[in-house]
Amino acid sequence: MWKETPIPMYLDFHMFNWTNAHLVEKDKTVKPAFVEMGPYIFYEHHIRANVVFHDNDTLTYLNKRIWRFEPEKSNGSLDDIITILNPMVALIINTVKDEHVLVKEAVDFFLEEKGETLAIKKTIRELIFDGYDDALIDIAEKLNISGINIPFKKFGWFVERNNSATYDGVFNMYSGGKDISKLGVITRWNYEHKTSYYPGDCGIVNGTSGELWYPPRNSEEISIFTSDLCSNVKLHKNGTSTIYGIEGTRYVGSDDAFDNGTYYENSKCFSSGVPTGVRSVSTCKFNAPAYISFPHFYHADPIYRDAIDGMNPDPLNHTCKITLEPSTGFPLEVFAAFQLNLLLLHQDKMRIVKNVNTTMIPCFWFAQRAEMTEDLASEAKTLLTVRQAVPITGYGLIGLGGLLLIIFGVITYRTGWKSMEEESLISSRTE
């Protein structure tokens, strides 16, 4: 029987309205200007489906995410209309960028004949979950254009994700039953311990799911694996925070989160030929020229902010920060913020982009957030008092491990694991 996750979770969308697109497409001396709109706030609920437990202290599951718009909490309506860079045009230009000039001219002629423009106007609901019809999706599918493989009939940033149990993929995670220090750590994604999206160590599946945590104790660094990035992000210890009387260790994102080897040697495998501070997700997102950064290009090379107007990075609100109770690992506060950008390429032989500069265009940023409630904090303090009474000697160590799981189950999850027999998720490669 499923139970509700007790800590309220929300997904906030901050959309960027491109206010001078009509000027930029005609004059490369004009900087693209953006105004942030929102937030458009959605209540978020997670359900783990098709759960299968394995003998090696891991479990395999699907992650179903459900979102519901909260108009009273939002600053704006889903019917608000904004101007954005045309995603399909950006994708097609990126696909043919290395082709012969005759191919580029033919594609440019095709786009002009179809009436395609560099920028388009859409409602917020179309851009996020509902999606909108785009003839270029159908044409790309019918022509089987190499490099373009969009498995949706409509375009939208989160189209076909609401209520989907399969979009995020298949996760294999340590349960912590035998080793509490591995609790919540993702060991495989889509049955692979190493993805093909990034070379070397950058492709290794590692880090927690972001909801279930092992006790960090004195850890200086933690890592989150997210399917939206097809990789993990590191957070570093940054003091403490007290929430409803419970002190926790705070971890935040820093300049190494989206480094490409410019400052940190072990990040070279994330390099994609652009300045540091953004991570290409092209290979895991249908070959779109898509890049993830912190909001407003916080901790990124200043070249991105200098090329456009409207970016104002804020260290308090434009990063990832997680506060964990150190002896149990249950989250007191979660705020994970990322920005999606599209690379707009200048091409001399293509009318639609011959007058623009190559620019990283911000599309939107989103924050997934959760915070302990006062009632849950009161319950947590009671259970923490019980935990502190457990003798930490001999068999007490075994008791402590079990108690931590109980505390985590009561405070953080309250989620019943349910295995659906219709579809087995066990793979012969699951260790």
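The values are calculated or read from the model by the stated rules, or taken from the named source; none is laboratory data. The structure displayed is predicted, hence computed values, not measured ones. No Cβ is skipped: glycine too gets one built from the backbone with ideal geometry, and neighbour counts run over all protein chains shown.
The selection criterion, being closer than 26 Å to Lys31 by Cα, out of contact with any Gly (no Cβ under 9 Å at 6 or more places or on another chain), surrounded by fewer than 16 Cβ atoms within 10 Å (Cβ to Cβ) and in contact (Cβ under 8 Å) with a residue 40 or more places away in the chain, does not hold for Thr83. Cβ-Cβ contacts under 6 Å between residues 6 or more apart (or on different chains), taken from a first residue in the range 250-270 that is at positive phi and without any contact (Cβ under 8 Å) to a residue 60 or more places away in the chain to a second residue that is of a type in the set (Gly, Ala, Ser) and part of a loop (DSSP other than H, G, I, E, B), are listed as Gly261/Ser271.
Scanning the range 204-233 for residues that are under 16 Å from the mean Cα position of the chain (by Cα) and outside any loop (DSSP other than H, G, I, E, B) yields Thr208, Ser223, Ile224, Phe225, Thr226, Ser231, Asn232, Val233. Inside the range 19-35, residues that are within 18 Å of Arg351 (Cα to Cα), part of a loop (DSSP other than H, G, I, E, B) and without any contact (Cβ under 8 Å) to a residue 60 or more places away in the chain make up a count of 2. For the range 275-287, a residue qualifies if it is closer than 23 Å to His318 by Cβ, assigned to a loop (DSSP other than H, G, I, E, B) and in contact with a helix residue (DSSP H, G or I) (Cβ under 9 Å, 6 or more places away or on another chain), and the qualifying residues are Pro275, Thr276, Gly277, Val278. Checked against (1) touching a Ser or Thr at 6+ places or on another chain (Cβ under 6 Å); (2) at pLDDT 95 or above; (3) buried (at least 20 other Cβ atoms within 10 Å of the Cβ), His236 meets all criteria but (3). Quick check: anything in the range 69-81 of a type in the set (A, V, I, L, M), over 30 Å from Gly176 (Cβ atoms) and not in a helix (DSSP H, G or I)? Scanning the range 69-81 turns up at least one residue that is of a type in the set (A, V, I, L, M), over 30 Å from Gly176 (Cβ atoms) and not in a helix (DSSP H, G or I).
Taking (1) in a strand (DSSP E or B); (2) crowded, with 18+ Cβ neighbours inside 10 Å in turn, Leu91 satisfies each apart from (1).
A quick yes/no check of all residues on (1) surrounded by fewer than 16 Cβ atoms within 10 Å (Cβ to Cβ); (2) of a type in the set (A, V, I, L, M):
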position	(1), (2)
Trp157	no, no
Met173	no, yes
Lys178	yes, no
Gly184	no, no
Thr187	no, no
Thr195	no, no
Cys202	no, no
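Looking at the range 55-75, which of the residues that are surrounded by 15 or more Cβ atoms within 10 Å (Cβ to Cβ) and more than 23 Å from the chain's Cα centre (by Cα) is farthest from Thr166 (Cα to Cα)? It comes out as Asp57.
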